[in-house]
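The values are calculated or read from the model by the stated rules, or taken from the named source; none is laboratory data. Keep in mind the model is a prediction, meaning the values are calculated, not measured. Quick reminder, even Gly has a Cβ in these numbers, built from the backbone with ideal geometry, and neighbours come from all protein chains shown.
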Amino acid sequence: MRPGLRLGVDLGGTHVKMALVERSGRVKALVQVDTVKDPRVLVARLKESVRPWLGRKLLGTGVGVAGDVDPAQGSVRFSPNLGWHHVPLKDLLRSAGFPRPLFVENDANAAAWGAYHLEMKRRCTHLIVLTLGTGVGGGVVLNGRLYRGITGSAGELGHVSIDPDGTPCGCGSSGCLETFLGAAYLKDWMRREMERQGRKMPDQWSPQDMHKAARQGDRMALRLWERAGRALGVGLANFINIFNPDTILLCGGIAGASDFLLRYARPEIRQRTFQTPRRAVRIRVAKGNQQLGVVGSALLVE
Ligand SMILES: [Zn+2]
């Protein structure tokens, strides 16, 4: 990877983060603007926000977008968050004069690429990144390169099936890993359990509260993490069996409860994997860097 600055853009449904990023992954400058749904208006606004940077010598632009992205064409096939269908984002950015070359990638893949550089310092070869937040996202780095698959759709690790008869998932399937671990689903599970016991869900609820409660020995909280942790273990065993990775990295807010999650995940992994690949993989918890998406996007420019 060449020394020099790249422009990274992390395009989410609410905010757009833009940063100048060094080869090491260090952020030199960062701006954030609100998302506008009209792609042309948005690109013009982004251009305006980074205008002071464009006088510098930049090596190119990388963009991570929430949705179904075609990295080969640099287009967004569909983004529910943005309400986009077939937006030729790379062409729009090129016409607006963004530094070339330009790369467009799914945001979870870009964040996994950022984690490979920032969290792992590139000290691994085959990396599985699982991001545990409101939903469950992921990315796969094989031989030190982001694995995209034939259509750029690889790495949807939150939507591997754990239970074919499980809870319906937002993706249209059911029993996905996300339905056991996503914060929104954890909350639903909690509400159902409390109603079953004739109790009312507290107004204020967070996975962090549940983590604290589990540490204090609360039985329902322990059951919540047991269910989530076992599903995580089944999912990780699948990833170990498929990819034989040297490292699995858990990112995102829910990874803060990894002490409980891994307590219940490890027996599942032991039961479902061969000894050799199991011994070869290390499971790490990320330090919680907030800029993985924008840094990973920038570092798409090699
Ligand atoms: Zn799903």
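Some notes on this structure:
- Sole residue being more than 24 Å from residue 80 (Cβ to Cβ) and either away from the ligand (no atom under 12 Å from the Cβ) or of a type in the set (Ser, Thr, Tyr) (or both), chosen from 144, 139: 144
- Once segment 198-225 is narrowed to residues that are within 18 Å of residue 185 (Cβ to Cβ) and of a type in the set (D, E, K, R), the residue that is modelled with the highest pLDDT is 223.
- Leading residue by the ranking (farthest from the ligand (Cβ to nearest atom)) among those in segment 162-203 that are within 23 Å of residue 258 (Cα to Cα) and polar (S, T, N, Q): 167
- Tabulated pairs, segment 159-180, first touching a residue at least 60 places away in the same chain (Cβ under 8 Å) and under 13 Å from residue 137 (Cα atoms), second near the ligand (Cβ under 10 Å from one of its atoms) and assigned to a loop (DSSP other than H, G, I, E, B), C-beta under 9 angstrom, 6+ apart or interchain: 160/177
- Selected residue (only one of 25, 60, 12, 55 is surrounded by 15 or more Cβ atoms within 10 Å (Cβ to Cβ) and at pLDDT below 95): 12
- Exclusive hit being more than 16 Å from the chain's Cα centre (by Cα) and surrounded by 21 or more Cβ atoms within 10 Å (Cβ to Cβ), set 186, 132, 146: 186
- Residue among 265, 228, 237, 298 that alone is farther than 21 Å from residue 158 by Cβ, buried (at least 16 other Cβ atoms within 10 Å of the Cβ) and modelled with pLDDT of 95 or more: 298
- If the condition is being assigned to a helix (DSSP H, G or I) and without any contact (Cβ under 8 Å) to a residue 12 or more places away in the chain, then segment 216-253 contributes 219, 221, 242.
- When we screen 123, 100, 94, 77 for residues that are part of a helix (DSSP H, G or I) and either basic (Lys, Arg) or surrounded by fewer than 17 Cβ atoms within 10 Å (Cβ to Cβ) (or both), the only hit is 94.
- Within segment 268-289, the set of residues being at pLDDT 95 or above and assigned to a loop (DSSP other than H, G, I, E, B) comprises 273, 274, 281, 286.
- The combined condition, being of a type outside the set (A, V, I, L, M, F, W, C), assigned to a loop (DSSP other than H, G, I, E, B), under 30 Å from residue 203 (Cα atoms) and away from the ligand (no atom under 12 Å from the Cβ), is not fulfilled by residue 151.
- Matching residues in segment 172-183 - criterion: being surrounded by 15 or more Cβ atoms within 10 Å (Cβ to Cβ) and assigned to a loop (DSSP other than H, G, I, E, B): 173, 175, 177, 182
- Filter result for residue 6 (crowded, with 22+ Cβ neighbours inside 10 Å and in contact (Cβ under 8 Å) with a residue 24 or more places away in the chain): yes
- Counting only residues that are part of a strand (DSSP E or B) and of a type in the set (A, V, I, L, M), segment 53-68 holds 4 of them.
- Qualifying residue in segment 16-27 (condition: charged (D, E, K, R), under 16 Å from residue 114 (Cα atoms), touching a residue at least 40 places away in the same chain (Cβ under 8 Å) and part of a strand (DSSP E or B)): yes
Here is a yes/no grid of residues against (1) part of a loop (DSSP other than H, G, I, E, B); (2) under 24 Å from residue 237 (Cα atoms):
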residue: 166; (1), (2): yes, yes
residue: 170; (1), (2): yes, yes
residue: 194; (1), (2): no, no
residue: 200; (1), (2): yes, no
residue: 208; (1), (2): no, no
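- So residue 108, is it closer than 28 Å to residue 282 by Cβ, buried (at least 22 other Cβ atoms within 10 Å of the Cβ) and either at pLDDT 95 or above or under 13 Å from the mean Cα position of the chain (by Cα) (or both): yes
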